[in-house]
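S.K.: Here it is, the structure in full.
We did not get these values from a lab; they are worked out from the coordinates using the rules stated. Remember, predicted model here, so these are calculated numbers, not experimental data. Glycine gets a Cβ as well: all are built from the backbone with ideal geometry, and neighbour counts include every protein chain shown.
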Amino acid sequence: MTVMTTALHDPRPLSAPAFAAARRGSRGDVALQRTLKSPIRCAGIGLHSGARAEMVLKPAQANTGIVFRRIEPTGRSVDIAASWQNVVDTRMCTRIGLPGGPSVAMIEHLMAALAGSEIDNALIEIEGPEVPVMDGSSAPFMFLIECAGTVEQSAPRRALKIIKEIEVGTPDKLVRLGPSATPTISYDIDFDSPVIRRQQAEMKFINGTFKSEISRARTFGFLHELDQLRAAGLARGGSLDNAVVVTADGVMNEGGLRYDDEFVRHKMLDAVGDLYLAGGPILGRFHGHRSGHHLHHAALVQLFADPSAWRWVEIPAVAAAAVVDGRFAATA
Ligand SMILES: [Zn+2]
């Protein structure tokens, strides 16, 4: 069992450079929205379809949100907002689409990188049905975003503040969202595999911790399930280059695991990506118990169904200062 915590209520004052960095370019005392400084391109294969896709991450205007532009072979393009309202499938990965129209699958690892990099607005042009799996984690997308650079915009950044606790699922598999002054994610998994077994982790979600503690955790699958998945048209692009492959007594990947508890950390990464479909960062506490994409999405559906359970709030600039400093000062 591993528990990750970050000192969030550190009583020390913010360092002068961190405070200055937060104020620089900020309007008044609120944090500002961010987009990419310049477009950046990548290409790769989809984990499930095995199809090659080309993708360009582009800057977008304030208040656009994250939008996927699916470019079809005919050249026709369709815009699909990265919203919980556009989720059309949650088996094995999260897919968004328009009714009867095109869709984009496996968006969650890219969405997690956008959330972890605090990108509010971006246009993701994609030629292909599925976001490239890259190495199975969010790290290559974090790297792309860092290469493109980010820039502040003139509109205040908003967070979805959770006011009332909601819960979806059953005691066996559930997701709980509740109020918290600092964004917190906890997760536990319990697999009938001696390689994974029970893993539990908790972290205060700030930009710095996502990158160092979560972003490199890769997706995983079991060797004995591979034939079954492929027969169902899934995992066709899966390989040791883009997934941890678990056998009866270990992992097949040369070099082993990136974190001792890489499996639960990847589940947290998925949750960060799926929750970003709320339309902004969540100011609250998430707990996942043996959960997955389906319940991550169901939690957002249930949350938004009750207008008294949430409200949008502007993020104080002091929060941004704490991210710069590697800490998050409680502000709410
Ligand atoms: Zn995943």
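S.K.: May I ask you to sort S77, S49 by Cβ crowding, counting other Cβ atoms within 10 Å and putting the fewest first? Intermediate results must be reported in sequence, preceding the final value.
M.R.: Values: S77 13, S49 19.
Arranged by neighbour count, lowest to highest, S77, S49 become S77, S49.
S.K.: What does the charge dipole of region 16-325 about its Cα centre add up to, to the nearest 20 debye, if the Cβ of each Lys and Arg holds +1 and the Cβ of each Asp and Glu holds -1? It would help to have the intermediate numbers written out before the result.
M.R.: Numbers: 33 positive and 35 negative charges, 166 e Å.
That gives region 16-325 a dipole magnitude of about 800 debye.
S.K.: Just rank R52, R218, fewest to most, by other beta-carbon atoms within 10 angstrom.
M.R.: R52, R218
S.K.: Let me ask something else. Project the alpha carbons of the chain onto their principal axes and report the range along each, largest first, in whole Å.
M.R.: Between the extreme Cα coordinates on each principal axis of the chain lie 56, 50, 41 Å.
S.K.: So if I take the alpha carbon set of region 15-166, get Rg, then get Rh from the Kirkwood formula, what is the Rg over Rh ratio?
M.R.: Values: Rg = 16.5 Å, Rh = 16.4 Å.
Taking Rg over the Kirkwood Rh, I get 1.00.
S.K.: Sticking with this one: Provide the three semi-axes, in whole Å and in decreasing order, of the ellipsoid equivalent to region 135-205 as defined by the square roots of 5 times the Cα gyration tensor eigenvalues.
M.R.: 30, 23, 9
S.K.: Still on this structure, please answer the following. Calculated from DSSP H runs of 4 or more alone, at -39500 (n - 2.57) each and per residue, what is the 222 nm mean residue ellipticity of the chain, nearest 500?
M.R.: Working: 7 runs with 69 residues, N = 332.
Mean residue ellipticity, 222 nm, calculated: -6000 deg cm²/dmol.
S.K.: Ok, one more. Run the simple label-point estimate for S212 and A305 please: 7 Å along Cα→C-beta, distance reported in nm.
M.R.: Roughly 4.0 nm, to one decimal.
S.K.: Could you please rank H224, H297, placing first whichever residue has the fewest other Cβ atoms within 10 Å of its Cβ?
M.R.: If I rank by nearby Cβ atoms, fewest first, I get H224, H297.
S.K.: While we're on this one: At D192 and S239, where each label point lies 7 Å from the Cα along Cα→Cβ, what is the point-to-point distance in nanometres?
M.R.: In this crude label model, D192 to S239 measures out at 3.2 nm.
S.K.: Grab the Cα-Cα distance for E54 and T74, subtract it from 0.36 nm times how many residues apart they are, and report the gain in nm with one decimal.
M.R.: Length gained, E54 through T74: 5.7 nm.
S.K.: Additional query: For Cα pairs less than 8 Å apart in space and 6+ apart in sequence, what is the mean separation divided by the residue count of region 16-325, i.e. the relative contact order in percent?
M.R.: 28
S.K.: Expressed in nm to one decimal, what extension gain is obtained for the pair Q200 and I163 from 0.36 nm per residue of sequence separation less their Cα-Cα distance?
M.R.: So the extension gain works out to 10.8 nm.
S.K.: Quick check on my link table: of K58/K204; K161/K204; K164/K211, which ones sit more than 23 Å apart, alpha carbon to alpha carbon?
M.R.: Pairs exceeding the cut-off: K58/K204; K164/K211.
S.K.: If you bin the C-alpha pair distances of region 158-266 every 10 Å from 0, what whole percents do you get?
M.R.: 12, 35, 34, 17, 3
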